1. Classify the range A:101-231: rounded, prolate or oblate, from the alpha-carbon gyration tensor (a ≥ b ≥ c, eigenvalue square roots; a/c under 1.5 rounded; otherwise prolate if a/b is larger than b/c)?
2. With everything on Cα atoms, drop me the angle between helix B:163-175 and the longest principal axis of chain B, reported from 0 to 90° to the nearest 10.
3. Working out 0.36 nm times the residue gap between A:A435 and A:I589, then minus their Cα-Cα distance, what length gain in nm do you get to one decimal?
4. For chain B, modelled as a GNM with alpha-carbon contacts under 10 angstrom, which of B:L264, B:L204, B:L256 fluctuates the most?
5. Of the chymotrypsin sites (Phe, Trp or Tyr not before Pro) in the range A:590-638, which ones lie in a loop per DSSP and count no more than 15 other C-beta atoms within 10 Å?
6. Please list, by residue number, every one of the GluC sites (Glu not before Pro) in the range A:273-355 that is coil in DSSP and has at most 16 other beta-carbon atoms within 10 Å.
7. Using the number of other C-beta atoms within 10 angstrom as an exposure proxy, rank A:W274, A:W110, A:W667 with the fewest first.
8. If amide hydrogens are placed 1.01 Å from N in the peptide plane, which non-local residues have theirs closer than 5 Å to the one on A:T557?
Amino acid sequence: MGILTPLYLAGLAALSLPLVLHLIRRTPRGRQMFSSLMFLSPSPPRLTRRSRLDHLLLLTLRLTALALLAFAFARPFLREAAVLPLAELPGRRVAILLDTSASMRREGLWEQAAAKIEETLADLGPADDVSLITFDDRRRTVIDFSDDGESRAGKADLVRGQLRELKPSWRATRLGEALAAVAAELDTQADVRQSSAEPQLIVVSDFARGCQTEALQAFRWPERVPAVLHALASRAASNAGVRLLVDLEAPTAEPRVRVTNAADSAAEQFFVHWRRSERQNEDSAAPAIYVPAGQSRVVRLPRPETAAAADRIALRGDDADFDNTFYVVPPRPRELTVAWLGGNEAVTAESPRYFFELAVADDTQRKINLRQAKTAADLRLNGAEAPAIVMVESALDQPLADALKVYAEAGGMVVPLATDELAASVAHLLDDVQAGEPTVAAQDGKRSYQMLSDIDFAHPLFAALANPRYSDFTKIHFWRYQPLRPKPGASTRVLAGFDNGDAAILERLIGRGRLVAFTSGWQPDESQLALSSKFVPLIQSLLDLAAGGEDQSPALTVGEPLSLPRASRKNAVVEKPDGSRVSIPADAITFADTDMPGIYRLYLDGEERSFAVNLAAAESDTAPLELDTLEQLGVRMFSPLTRAQRAEQARQQRDTELESRQHLWRWLIVAAIGLLILETCLAGRPA
Amino acid sequence: MSGSHRSPYHGFSVEFSEYRQYSDGDDLRYLDWRLLARSDRYYIKRFEDETNLRCHLLVDLSRSMSFGTTGYSKADYAKTAAATLAYFLSVQRDAVGLTTFDDKIVEHLPARYRPGHIHRVMLALERSPDGSATDLAPPLEQIAKTASKRGLVVLLSDLLAPVDALETQLGYLRSRGHEVVVMRVLDPAEVEFRYDQPAQFHDLESGRELYVDPQAARAEYLRRFAEHAEAIVRACHRLGIDQFPLTTDRPLELALFDFLHARLRRGRQTLRRRRAATRAKGGG
């Protein structure tokens, strides 16, 4: 005999009510008005023994009816066993979702995670199945659920063994995607396998704010998959991250870094400095940066002369150091050979070369070797010493022009400058340009100068000046130029023209190289170009164009694949920051094994290129996420139950089922009603 | 003013009262010339004065008077009796006054005989406010203050109050020379206490409640009631007050007949006593 709702047995206390009513002295029902009580004295009421005997029967009936009612509400039922053995508990399918993102590298988190998983494993019953899934920015099933019929014994030890080999990665956290995918999988597997085992998702994570839960917004959480969230708390009281900001408009400007402090951080003072290696001593002279918790600050961090080879920015001042280093590929000075054909030996203030040398003199990124040549042999157009660019200041004869064409087709760049023989030289090189007489602008019309117009700012030569703040060329006057115009339908393009329609700068792509011709000189006796602020960027762009524009090394986050150049990928090898080398298959177009932050070196065609891989910025946002947020996103939260609690729950469920089958309470109610009818008849009978 | 009632004063009437020896200053009109002629003695012949009655009806309207088991209350009975008396008296041209009271005076009409006065008396009786306890002192004081001439005071009450206080108050009235008649109105249930079911008895005046089993309490009640009634009778006797018990189950006309009969008999006795006294005086 069991009772489903024993609390209702408290209703038995109501039995005392009729008892009390029967025991207390009956006050007379009648009330008699009387003129005066001055002659009356109180007389005690008398009870006859006979009436008491009558009431005993009624009392018994009433007590029994009340007791039956109380028992009916307590929902009694008949059962065989009072306790449910733990072994008979229905099986569960427990999916353990373990966060292995970079933020789990903080002090103490991994040990806590292992302890939590051990707790879960210890609570598994023989009928329970378990799987272990790790997630960061991708999901990996370490141990899957057993198929039906497969032994589940030893599954926990298997998980323990795998867990010992796991360690946190450097990747970002995509909690939302992992939760949605695993929950959906648990839900569909229950359908597919027709399993009665109840699914359960146990998430072990630090639930940092940067864990990207957006994927849950579009996900409808399955009703029957409860999630138990074990949030781990790090012992590190503060955390800040550092990132280098890349100015797209001015890539060569003074570097700036952003220091981000986590919302729950206890520290506010940080130090940021350039470093060359892990072992380098800390720069004690680094200025302090104050960043309140939950905010970020951008500061300038000029690269000191002594740290030209520094490849990382280090931050100190916080407790968690997994995100304290930002890797930057140090700029590698490139050597560029410029061959200067013709011109005067003596460089004077009136010669174009004088201004060219000035324009390239202070370039830290590039080292320019200027080579004066008089003949084609001096140019050394083939071989390892081939110049990247040939500036032509003299008249060209046909053989030289042909040699330059071949050179251009192989990828070289030929820049004919404005000379009196320019038209003839260009005519040897290009066949779709027609030339006029050399013109002095002053003689043409009333105005004594020409200005640039129709500038093609989309072209790399002018792209740096495309911003409206810099795109005003009207202050640059041209007094003298060589009139050249492309013929209709020509492949030669005008990059910039003059007011009267003549070309100022012409370009023609020849094979893999190109020809860029200036019809006016930049020296002061022909124009104001060399003295204007536009000249240096223009020359730098010209050199970039000649060098192939490969100065920018890509910046990647961990896990992001590197697109490989289309050049030959034979014998391509990547050296990872830990020194290991990975060969790249010839047909690969990306390198995806960027699984740790640091400087990677790509050896391709005998050439070495470096690229930096850094942590995802969101990983630095380590303030704990409020778990209510997940509940608002639809995650069905569930407080974990031990096996004993589950057994108790299952027993209650079984009792409810038994009771609802037996319905003993109905008979008790019927009996109570019968007794009450009998009582009414007896009480109504005249004494 | 002449009336049908004898007066304690001497005056003009056909009823001879006494002889008195002449003294200087007496009115010669009353000299008994025949006696002077016969015996040569100067005697003054005196006659009884006849006067109108000034009657004050005091009606108790306290809450205990609202008790009744006969279909009407004691107050109804008392008011009807007072109205009847007032009517009789006004018919024989006597002045009637009315005072109704509980623990204070409710209505007070001075004794008058004038047209419409009887109507006002009736109206005052008709209004029966819900009174509270019985207190005889204020109405009796009022009567003493306003009635300078002696007259008849008829008190209609159940007299359910301590006897000592009653005696004091009635004695005060009596000492002012008024003739006082007490008509004690009682319900038969009060007299006989015929209850058989135990009940919570509710005092109408004080609101007090008492659980009483009549079977147990009846004997004690009757004994104490009788003691109280006897004490009232004794007190009235001491004060020379006529006391008539009226039970409400007795028809009013019979009760009034008894009352008038007793009054008449008493009047004759008084007359007889007085004449006897005169004769004894005269004979001596």
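Quick note: the coordinates plus some simple rules give every number you see, no bench work behind them. Everything numeric in this text was worked out from a predicted model, so none of it was measured. Neighbour counts are summed over all protein chains in view; Cβ atoms, including those assigned to glycine, are modelled from backbone coordinates with ideal geometry.
1. Cα axes put the range A:101-231 in the oblate bin.
2. Computed tilt is about 20 degrees.
3. Full extension from A:A435 to A:I589 adds 50.8 nm.
4. B:L264
5. Working: sites: A:F591, A:Y600, A:Y603, A:F611, A:F638; in loops: A:F638.
When the chymotrypsin sites (Phe, Trp or Tyr not before Pro) of the range A:590-638 are filtered for loop state and at most 15 Cβ neighbours within 10 Å, A:F638 remain.
6. Numbers: sites: A:E278, A:E282, A:E305, A:E335, A:E345, A:E350; in loops: A:E278, A:E282, A:E345, A:E350.
Within the range A:273-355, the qualifying GluC sites (Glu not before Pro) (loop, at most 16 other Cβ atoms within 10 Å) are A:E278, A:E282, A:E345, A:E350.
7. A:W667, A:W110, A:W274
8. Those qualifying (amide H under 5 Å, at least 5 residues apart or on another chain) are A:N614.
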